[in-house]
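None of the figures in this text is laboratory data; all of them are computed from the coordinates on show. What you see is a predicted model, and the numbers here were worked out from it, not measured in a lab. A quick note on method: Cβ atoms are made from the backbone with ideal geometry, for glycine too, and the neighbour counts reach across all protein chains shown.
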Amino acid sequence: MKQTKLLVVFLFLISNFAIGQITGKIQDADGGAPLEYATAALYKTNGELVTGVITDIEGRFKLENVKTGNYYVETSFMGYSSFKSETLSVKKRGQSIDLGTIKLTLGSQLDEVMIKAERSAVVHKIDRQVFDTKKFQNAEGGNAVDVIKNLPSVTVDGQGEVSVRGSKGFTVLVNGKPTQGDAASILAQLPANALETVELITAPSAKYDPEGKGGILNIKTKKGATNGTFAQVNVRGGFPSIEPYNTKVPAERYGIDATVNKRTDKWNISLGASYQRNDKTGRREGDMFIVNNAEDKTTFLPSDGERSFDDISYNGRFNVDFTPDENNEFSVGFFAGKHTKERLADIVYYDNHAVSPKNSENRLYTFEYYNHNLRIRKGDFALGSFDYAHKFNNNSKLSTSFLYEYTFLGGPTVNDNLGHPDNSIVYQEEYNTNDNPLYGTRFNLDYAWKPFSFGTLETGYQYRNIDHEGDFVYERDGVLVPEFSSDIQLKRSIHSGYVQLTGKKNKWDYAAGARVESMDREYTESLKSETTPNVYQYDFVKLFPSASVQYEVNEKTNIKAAYSKRVERTTTLKMNSFAEREHSEVFEQGDNSLLPEFIDLVELGITKRIKGGNSVYATAYFRHVDNVINRVNTLAYETNGAVIDSVINRVYSNVGKSNSIGLEFGATIKPTKNWTNVIGANIYNYDIDGALNFNHRDGISRSYDINSKSTIYSINLNSTYSFWENASLQFTFNYLSDRVTAMGEDSRFYSPNLAFRKTFLDNRLTATLQWQNIDMGMLKTNEQRITTARTDQFYTTTNYRYEVDMVSLNLSYTFNTVKNKSKFIDSEFGKKEF
């Protein structure tokens, strides 16, 4: 009897210490994105906390060592409504309870409880850095370029060209959807107010299209998941220019954009419209000489004049999402817009003269003239997309996407050489224009499932097609010039498939995959005087592997490594081998046999979080590029082989190989509770080794060695001080160092900015006063000198002074507190050619 009682007591104790586990997955209710770092807490039914964990990169959690008893699980994530499970009973040893997928929605509202938390300016993940756009107040009322220029490895130079780690070639995604547009043009049309986060993916996985040697910028627009109606209007007005720059017409800066979003359990309907005018004034001061060895003379062309931009864009957007049940989602989107950018360069060529012999002071003539140069670039877009996604009962997911785009590109360039100071004298009038209709199609099919315990397997197929035509007409003094008038056409089709494995085990995160791509390219060109066109074909089948791994040293320190194979494709502009008159002293042309660039990228990084909201990170990287495409200056020749004394020829061509080795580092520093500093810097050594070998229809072969090395660095600083709960002052500083180019050098370029933000009416109205390009007449802000030289043939240097001390006011009003869930499609093909 005694033994029986002891056995009962032993069995009772065993049952009370039986061990089980509870698992689940937490994701965003809209779109199904996993929520990393969400919290899952285990409570006894009396409310006593037992334990808690955070989710991994896939949103999964596991509560282990759960003893026998009755519990409930509560899940939460900052900014989302929490979830509380029903009572869960653990009755036996080894029991496993799977809660499945738990969907959290944005927009939780608590009665009489206020929780304050500051979102980090940058979050580091295994394959990307995620930046909170609300940290960049000076960008409000502007566009996406004003936002991303604050990122650690992103720079914007005096010409407005955007670079990532020194590379102008990178891909832009909008809400994860690929675009094939020119990065700067795409970013220039996205209102800064509509952005939520920017993801910088420097070593993308095989899941993404391999295009872009600088990686990927994924722009995410503001979104939420609360049912109701959201409406927001943003209005921007610029104050008159402080510095006139002796321009004919003053700059105008103003804009308005509006978004209306209606969401129910099954429907999400978005309407949006935007009108933006963002003019910039400036001056251009140049000096150039060209050596004519055949005639033993040198021609000098010093110049000075206006260089200003009128930039106008407006568009309308419409998107409908329909979710009939938790397993199916449909989306239809349309977009139409116009973008016009006019570059005016009215230049006086003073003291234009030639000397002979070439090193003497013996002038052959002295001549002044006035060059009126107006380049208008237009882009009219119309496109539509359809997306469908289905989730299966085994948690696998099938996604499809189809996009069709029609884009009309074109615009004339007027180049008139007139007398000076008597502009009524006409020496020469040139006019060239082009019609560039573009048709683009993209189709994606993706499937993801988890056949293994150690990871998720993703696979997919993509088809992309582009058909781009060009009709170029060149007139001189009202007469067609057949040797500069042409027809061109670029056709490119791409089939690609990928497979990728991602997972997490213990302290390791990992991803590895490969993408196979088959590309067919056909380029056709002919002069209008020719009857038989020339056809240039180029095809390839290539493998693009990728891999990344991250190890958690401890809860505050991570180290990671990655490799990615990339490609930078050629555009129609860079392949058009017929010269186009850019302005008085420049012809510009491409290479009809241009090869794409192929890139290998390796990086190694570390991130460390420090108490008090401080953090530091550093990433070392190496990038190797084959078939480097450079724009190189050469002498211009007449068809008879004679040097054109007053014109330089700019040529796009493959010039060899390049290597970049660099270090990117940054820190978030909070000296006080109200003062936050985000600092990012990038330093790298760029080495290019190759040659220009260019044979043009003028019959003259160009052959130059291209060998240069340069150490380049950039610094981006963002310092914000909060005075009160609803007011703050922010100072930003962007600096790009001097750098050697293939045939010369570009000077440093920097811009300090200041912004004051204040909210009113219970945070529904936000006012931001901005002072951009602070100079005050003594800093040489927003100024850059570009020099190219081959001293035995030519030398050209130009100093560009763009507008400083620009003041504007941005007002943003939200009509209710429901979070914005708007999402719109964007141009896939045409903007790359803009």
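Per-residue ellipticity at 222 nm for the chain, helices alone: DSSP H runs ≥ 4 residues times -39500 (n - 2.57), over residue total, nearest 500 deg cm²/dmol?
When only DSSP H runs of four or more count, the value is -1000 deg cm²/dmol.
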- prompt: Considering only Cα-Cα distances, which of the following residue pairs are longer than 24 Å: Lys574/Lys657; Lys25/Lys608; Lys103/Lys673; Lys528/Lys574?
  reply: Lys25/Lys608; Lys103/Lys673
message: Could you compute how fast segment 606-683 diffuses translationally, taking Rh as the Kirkwood radius over C-alpha pairs and applying Stokes-Einstein at 37 °C with viscosity 0.692 mPa s? Give it in µm² per second.
response: 192
statement: With the 8 Å Cα cutoff and a minimum separation of six or more residues, the chain has a relative contact order in percent of 12
message: Could you tell me the center-to-center distance, by alpha carbons, between segment 555-573 and segment 259-290 in angstrom?
response: 28
message: If you restrict to DSSP beta bridges whose two residues both lie in the chain, what percentage is antiparallel, to the nearest 5?
response: 95
query: How big is the gap, in Å, between the Cα center of segment 363-432 and the Cα center of segment 23-95?
result: 54
message: Just to confirm the filter: which GluC sites (Glu not before Pro) across segment 320-385 are DSSP coil and have at most 13 other Cβ within 10 angstrom of their Cβ?
response: Glu326, Glu361
message: I'd like to know how segment 20-82 sits against the 2.2 N^0.38 Å rule of thumb: what's its Cα Rg over that expected value?
response: 1.13
- prompt: Going from the alpha-carbon gyration tensor of segment 123-833, what semi-axes, largest first and in whole Å, does one get by taking the root of 5 times each eigenvalue?
  reply: 43, 30, 26
task: List, in the order given, every pair from Lys450/Lys504; Lys207/Lys504; Lys556/Lys611; Lys450/Lys565; Lys397/Lys504; Lys207/Lys391 whose Cα-Cα distance in the structure shown is over 21 Å.
output: Lys450/Lys565
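For segment 31-100, which trypsin sites (Lys or Arg not before Pro) are both in a DSSP coil and crowded by at most 11 other Cβ atoms within 10 Å?
Lys91, Lys92
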Cβ-based exposure ranking for Leu200, Leu543, in which fewest neighbours within 10 Å come first: Leu543, Leu200
- prompt: Among Lys168/Lys341; Lys62/Lys220; Lys91/Lys505, which pairs are too far apart, with a Cα-Cα distance over 26 Å?
  reply: Lys62/Lys220; Lys91/Lys505
